[in-house]
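**Student:** Let me begin by handing over the structure; questions about it come next.
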Amino acid sequence: MNFLDQIWLIPLFPLFGAVVMLLFGSKLDPQPASDVAVAPGVELTHDGHEAAHHHHGHTHEHAHEHVTGHDHHGGGLKTVVSLLCPGMVLLSLIWSAGAVLQLANVPERSHEVIQFTWLAGLPFHMAGGRLATFSADWGFLLDPLSSVMILVVTGIGFLIHVYSTGYMAHDNGYYRFFGYLNLFVFFMLMLVLANNYALMFVGWEGVGLCSYLLIGFYFHKKSAGDAGKKAFVVNRVGDAGFILGMLLMFSVLGTVKFVDVRQILGSGNFRAETAGFGVLSTMALLLFIGATGKSAQIPLYVWLPDAMEGPTPVSALIHAATMVTAGVYMVARSAALYQLTPHTSTIVASVGAFTAILAATIALVQNDIKRVLAYSTVSQLGYMFLALGVGAYWVAIFHLFTHAFFKALLFLGSGSVIHAVSGEQDMRRMGGLKDKIPITHWTMFVAALAIAGIPGFAGFFSKDEILWQAYSSQQGSNALYVVGLLTAGLTAFYMWRLMHMTFYGRSRVAPEIEAHIHESPASMTVPLTLLAIGSVLAGWIGTPRLWGMSGWFRGFEQWLEPSFASAAVEAVKEGAHDASTEGILMGVSIALALIGIGIARYCYHIRPEIPGAIEARCGPIHRTLSNKWYVDEIYDFLFVNGFAKGGGTLLGAFDRNVIDGGVNGAGWFTRFSSSFSIWWDTWIVDGTVRLTSLLVKVSSYPVRIVQTGRVQAYALFVVVGALAFFGYYLAR
Amino acid sequence: MSLLDIVLALPLLGFLAVLLVPRQNEETIRRTAMVIAVVTFLASIGLATGLSSDVPGPQFVTDVIWIAFPEIHYHVGTDGLSVWLVILSTFLTPICILISWRSIDKRVKEFYAFLLLLEFGLIGVFVSLDLFLFYVFWEVSLVPMYFLIGIWGHERRIYAAVKFFLYTMAGSSLMLVGIIYIYNRAGTFNYTTILDMLNGGKLGFTPGEEMLLFLAFFIAFAIKVPLFPLHTWLPDAHVEAPTAGSVMLASVMLKMGAYGLIRYCLPMFPDASRRCAPWIIVLAIIGIIYGALVAMVQPNMKKLVAYSSVSHLGFVVLGIFSFTQLGLDGAVYQMLNHGISTGALFVLVGLLYERRHSLEIADYGGVATAAPGLSTVFLITTLASVGLPMLNNFVGEYLVLQGAAQANFRWAVFAAIGVILSACYMLWLYQRVFYGDTPEAVADHVHDLNHREWVATVPLLAMMLWMGVYTASFLPPITRTNYAILEQSKMNVRFRVAAPPHAPYLSAREVRLGR
């Protein structure tokens, strides 16, 4: 079968699933839709603090149900959903794998399938005289870069779907959840398979929509609705940057097609903007603003921690495997542009490094298990941008790849923990869970080692490569390296703080919950196990050059080479530094990771009173970190209440009083002048007329007396007149 | 007698037919109106499919003398620009009839008669090729709308109706002066002849003359669009109008203004248009941001949607006066998009009002629980309105922004702020109305869509998706006509046109609109 020509099918499978669910799902759903909000307690067993405190009765029952079986209520129809939606993603995975295998045999490692023209304009001359046509195809591009992405999206996405069949088994919005999930996978695949920026933007905005729907999944909770909206609006700010970058790109380059953009930028007509901040740098910066929104970088990272309102598998899908990596993918996709814009690249690297360390500091003090992971994600994404900024594009994608495994595992594992303790998310009420939920513990143990950067586990390979590139590449610097290194230490610490607070030491679980702690069903533990295997193996395809391995062990870089091949990357790869330096740096980062783990163990296991003492001693610092550096408050003050609501209120008043006031004033003036006209008309104009008529009337009064209309009277007048005449005549 | 004459005559016949039905037979009246409206719609589809890409200028032309002296023609024809607006009118009229089926229960006969008369006037405006005929239709469309607001509206309907009428009249009387002035100079009302005379040098205006004429037309159109700061009639008219009135007003009547700008201002007064363009664009951008910000704080759903229209129509004006092919294409596409998505929003707000009898956002909440179908339709419409790709509005906004970016990148930057804000106010509206806890009043009264309402809303959703994904069905005729108009607007321009000449896409003889 020729999978290569069928890559357009890959996104369509999950779309089919989504359409079926959203159109006919209510028919498959065992319960009437109106029950969704009537029984919030049932849903809150998975997410939310209230469950643990207010719904003990419910939660215990449901906790038992979790163990005993899945199709308890819902029956066969629910099985249809459980088979259809993950099945569709599995089909995508099969088609993706097939296409990627066939791509390996294509010499140029690039295959395009164009279906129809989506947007088209007329040809016109660019400033340089070149003829350009505005057009964006509904077309798909499979190359090494997108092949990595589709495998991550469909592979991890499939595992998360399977996990969700267990995790969401007792949720009333089951079909709706899977509909959104499938829709999300559809848009994500559009994003990574599109062959031009405009179509990429379809997926880009689409995943934003799905995150809005999924984060606000429990929409009767105000916090969920708020978080969903925040995610969408903050992303919109980034999207505006993306779209402006795209507009500028078309205005300058005359195309938004990836292949053409790369070809035009590489044609020699455009030089690297080393001197100043030119049009290409602006374009790259605007695109990067888009990336900061989707990939939760400073200044637009604020939506991601709040997005924990969504069900846990959503966090895994959105935060770990897929959506947040969209920005990294986009910048990597624009590598040809960023290679020409060193200034913007420096900004990218700096923002990445700063985000990495800022988020890591916040993660140090969070007590909500999912929030620690959320800030950890922000921090890890910072690493990826650091790599992109120093020109190590393949390394960023490599970290994206390994991170997808261990971060999805951490999120799903945390979901399993939350599941076990009946919805509790506060790590201060956990502890000692190691033996009660062994599979969850051991899989998360692997993930924690991976993210901490312990050699042999996936995170080590990619993170170490990033640090090495930050130090050695031409774009890199010692400052970037040091920040990255510190972050690595902090990461090891907060992640093992999480492990200790959750799994080790004395149990702090409420006694009534304690009795019902149980391992999750196989539908959840099997994906955890597979991800754990991935979290070990995924790194071995990108071993350090220092280790001198070849073939598969260096396969990742070689596979991606056609996507980034250029002189700049070659230079980065060679590096200006020798092997001994690389070895020393690697030792330093391993040592720091071990120290971080050690401190975490000391503070949270051996001497558990220490954190409280530190908290008491360093109140202001702790408060600042707990409140996430007050960034949300500042944004609220400036943008939400200041610009949007304040501006809106002010302009609303302006509209009513000034503009409409002017209109109503004109109306009033018209009425006034018409009243005046009436007065004038009545008393002056008409008055004159009436005065005249009055005069006529008065002067005619004597005449009127005699004009009675009676013939006898006239006859009398005639007689009297005649007599008077004759009298006068006779008298004379 | 061409198909266009039939499309134009059908609503008028429908109007008369409805008048003939005795007023007690309300069901017969509704059915008569519905049948006529659907037949008109089906007939109008023939215009789009029958539009030939080879024939330059207007098609389906009829040109007969209507009044001998001064010579006024019944001269109608359609092209890639007007044909979609005609179809938009005929598409929305049956939907308006459907959603009024139960909600209009007094003076039923007059209501449907006026609705069909309105359709007649609107189609007439878009197909007239005689300046005087255009003016007549322009005023004809005004009258039924005045009564729709004034009789079937809400509490402040009289104020709103009078305000609407006076605003529009103030503009159109200026336009009438302009039309008569042109007649005095050209000796004809025939638009194609006037354009030929302008091209051939037989007719020319001095810069001062042209500027005044441009302003006379422009102000009439700008009020109708409405362009900031001439927009304040719009929120009042929308809030007070019955649902069908709001839909027709927002979806089609506002387009009369934008259509007028493209059809008359650009080709007849290219020099003045280009001179004023920077100022007009500033107003358009103010409108985009201002409308969005004011929409954000409105407590009334209809007012919110009305202000969002000010914002969306700002994009249309921005596209028109960017004087780029993409901008103009995007503007026309955005006109159609706004017709579909804002029309749908008004339909849905009307359905909510029918149930809960309130337009105040604060009276709602948790509708998603009470009426999931309605919520889904509303959500898709909201997403279309905020410009989500794969739905219609995105295409228009994107093309407009691209056109603006080519003309002046800063314009695009400012306009992009409107894109952000649209998500803020629409999603906030959606959250407050549909999410959260369900108050008892909502749970008791807000039931889900019935079959009739599904029939009325699904076509709108289908159009949103179709226009968002497969633009090839709609864009090519628009592009062809806009190309001709843009070429026309380069004639008789005294200062140099910045853009270099376009590549030949149409043959030279096709460039001229008309002959």
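The values are calculated or read from the model by the stated rules, or taken from the named source; none is laboratory data. Since the model is a prediction, treat every value here as computed from it, not as a measurement. With ideal geometry, Cβ positions are generated from the backbone for all residues, glycine too; neighbour counts draw on all protein chains shown. Surface areas here come from the heavy atoms of the whole protein model, side chains and all, with no ligands, DNA or RNA. Shrake-Rupley method; radii C 1.70, N 1.55, O 1.52, S 1.80 Å.
**Student:** If you go through the stretch A:271-309, how many residues are more than 18 Å from residue A:373 (Cβ to Cβ), polar (S, T, N, Q) and under 11 Å from the mean Cα position of the chain (by Cα)?
**Tutor:** 1
**Student:** If you go through the stretch A:117-136 one residue at a time, how many are more than 7 Å from chain B (Cβ to nearest Cβ) and either modelled with pLDDT of 80 or more or touching a helix residue (DSSP H, G or I) at 6+ places or on another chain (Cβ under 7 Å) (or both)?
**Tutor:** Our first condition is that a residue be more than 7 Å from chain B (Cβ to nearest Cβ); within the stretch A:117-136, this holds for A:126-130, A:132-133, A:135-136.
Checking which are either modelled with pLDDT of 80 or more or touching a helix residue (DSSP H, G or I) at 6+ places or on another chain (Cβ under 7 Å) (or both) leaves us with A:135-136.
Residues flagged as more than 7 Å from chain B (Cβ to nearest Cβ) and either modelled with pLDDT of 80 or more or touching a helix residue (DSSP H, G or I) at 6+ places or on another chain (Cβ under 7 Å) (or both) within the stretch A:117-136 amount to 2.
**Student:** On to the next question. Hey, among the residues in the stretch A:604-628 that are loosely packed, with under 15 Cβ neighbours inside 10 Å and of a type in the set (S, T, N, Q), which one's farthest from residue A:366 (Cα to Cα)? Talk me through it step by step, then tell me what you get.
**Tutor:** Within the stretch A:604-628, the first condition is being loosely packed, with under 15 Cβ neighbours inside 10 Å, and the residues that meet it are A:606-607, A:609-610, A:612-621, A:623, A:626-627.
Keeping just the survivors that are of a type in the set (S, T, N, Q) gives A:626-627.
On the way: A:626: 6, A:627: 9 Å.
Within the stretch A:604-628, the match that is farthest from residue A:366 (Cα to Cα) is A:627.
**Student:** For the stretch A:260-281, what are the residues that are in contact with an Asp or Glu (Cβ under 9 Å, 6 or more places away or on another chain) and open to solvent by 60 Å² or more (accessible area, probe 1.4 Å)?
**Tutor:** Filtering the stretch A:260-281 down to residues in contact with an Asp or Glu (Cβ under 9 Å, 6 or more places away or on another chain) leaves A:279-281.
Matches in the stretch A:260-281: A:279 only.
**Student:** Which residue pairs have Cβ atoms closer than 7 Å, lie 6 or more positions apart in sequence or on different chains, and pair a first residue in the stretch A:186-198 that is open to solvent by 10 Å² or more (accessible area, probe 1.4 Å) with a second residue that is not in a helix (DSSP H, G or I)?
**Tutor:** Hits for this filter: zero, empty list.
**Student:** Only one residue in A:405, A:398 is open to solvent by 10 Å² or more (accessible area, probe 1.4 Å) and closer than 22 Å to residue A:538 by Cα. Which one?
**Tutor:** On the way: A:398 fails: open to solvent by 10 Å² or more (accessible area, probe 1.4 Å).
Just one listed residue meets the conditions, A:405.
**Student:** Sticking with this one: Of (1) under 29 Å from residue B:461 (Cβ atoms); (2) modelled with pLDDT under 80; (3) surrounded by fewer than 23 Cβ atoms within 10 Å (Cβ to Cβ); (4) hydrophobic (A, V, I, L, M, F, W, C), residue A:81 satisfies all except one. Which?
**Tutor:** Unmet condition: (3).
**Student:** Can you name every residue in the stretch B:405-416 that is closer than 24 Å to residue B:294 by Cα and more than 7 Å from chain A (Cβ to nearest Cβ)?
**Tutor:** Narrowing the stretch B:405-416 to residues closer than 24 Å to residue B:294 by Cα: B:410-416.
Listed by number, the residues that qualify are B:410, B:411, B:414, B:415.
**Student:** Which of the helices (runs of 4 or more DSSP H) found entirely inside the stretch B:367-468 contain at least 3 residues meeting this: surrounded by fewer than 24 Cβ atoms within 10 Å (Cβ to Cβ)? It would help to see each step written out before you state the result.
**Tutor:** Working: elements: B:367-370, B:372-385, B:392-407, B:409-434, B:440-445.
The helices (runs of 4 or more DSSP H) meeting that bar are B:372-385, B:409-434, B:440-445.
The rows are residues; the columns are (1) touching a helix residue (DSSP H, G or I) at 6+ places or on another chain (Cβ under 7 Å); (2) of a type in the set (Phe, Trp, Tyr); (3) within 30 Å of residue B:164 (Cβ to Cβ).
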| residue | (1), (2), (3) |
| --- | --- |
| A:650 | no, no, yes |
| A:673 | no, no, yes |
| A:679 | no, yes, yes |
| A:703 | no, no, no |
| A:723 | no, no, no |
| A:726 | no, yes, no |
| A:732 | no, no, no |
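**Student:** With the condition kept exactly as written, say whether any residue in the stretch B:100-111 is of a type in the set (S, T, N, Q), in a loop (DSSP other than H, G, I, E, B) and in contact (Cβ under 8 Å) with a residue 24 or more places away in the chain. Please lay out each step first, then the result.
**Tutor:** Going residue by residue through the stretch B:100-111, those that are of a type in the set (S, T, N, Q) are B:100, B:103.
Next, only the ones that are in a loop (DSSP other than H, G, I, E, B) stay: B:103.
Then keep just the ones that are in contact (Cβ under 8 Å) with a residue 24 or more places away in the chain; that gives B:103.
Yes; the residues of the stretch B:100-111 include at least one that is of a type in the set (S, T, N, Q), in a loop (DSSP other than H, G, I, E, B) and in contact (Cβ under 8 Å) with a residue 24 or more places away in the chain.
**Student:** Whether any residue in the stretch A:377-387 is assigned to a helix (DSSP H, G or I) and farther than 23 Å from residue A:486 by Cβ is what I want to check.
**Tutor:** Going residue by residue through the stretch A:377-387, those that are assigned to a helix (DSSP H, G or I) are A:377-387.
Add one more test, that the residue is farther than 23 Å from residue A:486 by Cβ, and what stays is none.
So far as the stretch A:377-387 goes, no, none of its residues is assigned to a helix (DSSP H, G or I) and farther than 23 Å from residue A:486 by Cβ.
**Student:** Counting residues that are over 19 Å from residue A:403 (Cβ atoms) and either in contact with a Ser or Thr (Cβ under 8 Å, 6 or more places away or on another chain) or open to solvent by less than 10 Å² (accessible area, probe 1.4 Å) (or both), which helices (runs of 4 or more DSSP H) fully inside the stretch A:282-339 reach at least 3?
**Tutor:** Answer list for the stretch A:282-339: A:335-338.
**Student:** Further question: Which condition from (1) farther than 25 Å from residue B:90 by Cβ; (2) within 14 Å of chain A (Cβ to nearest Cβ); (3) surrounded by 24 or more Cβ atoms within 10 Å (Cβ to Cβ); (4) at pLDDT 90 or above is the one that residue B:321 breaks?
**Tutor:** Condition (2) is where residue B:321 drops out.
**Student:** Sticking with this one: Residues of the stretch B:334-383 being closer than 21 Å to residue B:98 by Cβ and hydroxyl-bearing (Ser, Thr, Tyr), which ones?
**Tutor:** Scanning the stretch B:334-383 gives B:341, B:342, B:353, B:375, B:376, B:381.
**Student:** Condition check: of a type outside the set (Asp, Glu), open to solvent by less than 10 Å² (accessible area, probe 1.4 Å) and more than 23 Å from residue B:452 (Cα to Cα). Does residue B:4 satisfy that? Step through it out loud before you land on a result.
**Tutor:** Numbers: of a type outside the set (Asp, Glu): yes; open to solvent by less than 10 Å² (accessible area, probe 1.4 Å): yes; more than 23 Å from residue B:452 (Cα to Cα): yes.
It is true that residue B:4 is of a type outside the set (Asp, Glu), open to solvent by less than 10 Å² (accessible area, probe 1.4 Å) and more than 23 Å from residue B:452 (Cα to Cα).
**Student:** Of all residues in the stretch A:210-243, count the ones that are at the interface with chain B (Cβ under 8 Å from one of its Cβ atoms), open to solvent by 10 Å² or more (accessible area, probe 1.4 Å), under 13 Å from the mean Cα position of the chain (by Cα) and under 30 Å from residue B:370 (Cβ atoms).
**Tutor:** The number of residues fulfilling the criteria is 2.
**Student:** Another one. Using beta carbons and a limit of 9 Å, which pairs, at least six apart or on different chains, have the first residue in the stretch A:612-630 and of a type outside the set (Lys, Arg) and the second one assigned to a loop (DSSP other than H, G, I, E, B)?
**Tutor:** A:615/A:365; A:622/A:365; A:625/A:364; A:625/A:365; A:625/A:366; A:626/A:365; A:626/A:366; A:626/A:367
Residue-by-condition table, conditions (1) aliphatic (A, V, I, L, M); (2) within 14 Å of another protein chain (Cβ to nearest Cβ):
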{"position": "B:151", "(1), (2)": "yes, no"}
{"position": "B:158", "(1), (2)": "yes, yes"}
{"position": "B:171", "(1), (2)": "no, yes"}
{"position": "B:181", "(1), (2)": "no, no"}
{"position": "B:196", "(1), (2)": "no, no"}
{"position": "B:199", "(1), (2)": "no, no"}
{"position": "B:215", "(1), (2)": "yes, no"}
{"position": "B:232", "(1), (2)": "no, yes"}
{"position": "B:241", "(1), (2)": "yes, no"}
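**Student:** Does residue B:349 qualify as being closer than 26 Å to residue B:152 by Cβ, in contact (Cβ under 8 Å) with a residue 12 or more places away in the chain and within 14 Å of another protein chain (Cβ to nearest Cβ)?
**Tutor:** Working: closer than 26 Å to residue B:152 by Cβ: yes; in contact (Cβ under 8 Å) with a residue 12 or more places away in the chain: yes; within 14 Å of another protein chain (Cβ to nearest Cβ): no.
So residue B:349 fails the test.
**Student:** Given the criteria modelled with pLDDT of 90 or more, outside any strand (DSSP E or B) and touching a helix residue (DSSP H, G or I) at 6+ places or on another chain (Cβ under 7 Å), does residue A:162 qualify? Can you show your working first?
**Tutor:** Working: modelled with pLDDT of 90 or more: no; outside any strand (DSSP E or B): yes; touching a helix residue (DSSP H, G or I) at 6+ places or on another chain (Cβ under 7 Å): yes.
No; evaluated as a whole, the condition is false for this residue.
**Student:** Taking residue A:142, is it surrounded by fewer than 24 Cβ atoms within 10 Å (Cβ to Cβ) and more than 14 Å from chain B (Cβ to nearest Cβ)?
**Tutor:** No; evaluated as a whole, the condition is false for this residue.
**Student:** Can you tell me which residue is most open to solvent (accessible area, probe 1.4 Å) among those in the stretch B:279-309 that are part of a helix (DSSP H, G or I) and free of Cβ contacts under 8 Å to residues at least 40 places away in the same chain?
**Tutor:** Pass one, the stretch B:279-309, residues part of a helix (DSSP H, G or I): B:279-296, B:301-309.
Add one more test, that the residue is free of Cβ contacts under 8 Å to residues at least 40 places away in the same chain, and what stays is B:279, B:282, B:294.
On the way: B:279: 187, B:282: 74, B:294: 0 Å².
Per the stated criteria, the residue is B:279.
**Student:** Continuing with the same structure: Find all pairs meeting these conditions: Cβ atoms under 7 angstrom apart; at least six residues apart or on different chains; first residue within the stretch B:425-451 and farther than 15 Å from residue B:355 by Cα and facing chain A (nearest Cβ under 10 Å); second residue open to solvent by 60 Å² or more (accessible area, probe 1.4 Å) and assigned to a helix (DSSP H, G or I).
**Tutor:** Note: pairs meeting the criteria are B:436/A:222.
**Student:** Here is a follow-up. What number of residues within the stretch B:286-308 are more than 11 Å from chain A (Cβ to nearest Cβ), under 19 Å from the mean Cα position of the chain (by Cα) and over 12 Å from residue B:342 (Cβ atoms)?
**Tutor:** Total meeting the criteria: 2.
**Student:** Which residue out of A:120, A:132, A:136 is part of a strand (DSSP E or B) and open to solvent by 10 Å² or more (accessible area, probe 1.4 Å)?
**Tutor:** Details: A:132 fails: open to solvent by 10 Å² or more (accessible area, probe 1.4 Å); A:136 fails: open to solvent by 10 Å² or more (accessible area, probe 1.4 Å).
Unique residue meeting the criteria: A:120.
**Student:** For the stretch A:368-378, does any single residue satisfy the condition of being more than 20 Å from the chain's Cα centre (by Cα) and open to solvent by less than 10 Å² (accessible area, probe 1.4 Å)? Write out each step before concluding.
**Tutor:** Step one: filter the stretch A:368-378 for residues more than 20 Å from the chain's Cα centre (by Cα), giving A:368-369.
Among the residues that remain, those that are also open to solvent by less than 10 Å² (accessible area, probe 1.4 Å) are: A:369.
So far as the stretch A:368-378 goes, yes, one or more of its residues are more than 20 Å from the chain's Cα centre (by Cα) and open to solvent by less than 10 Å² (accessible area, probe 1.4 Å).
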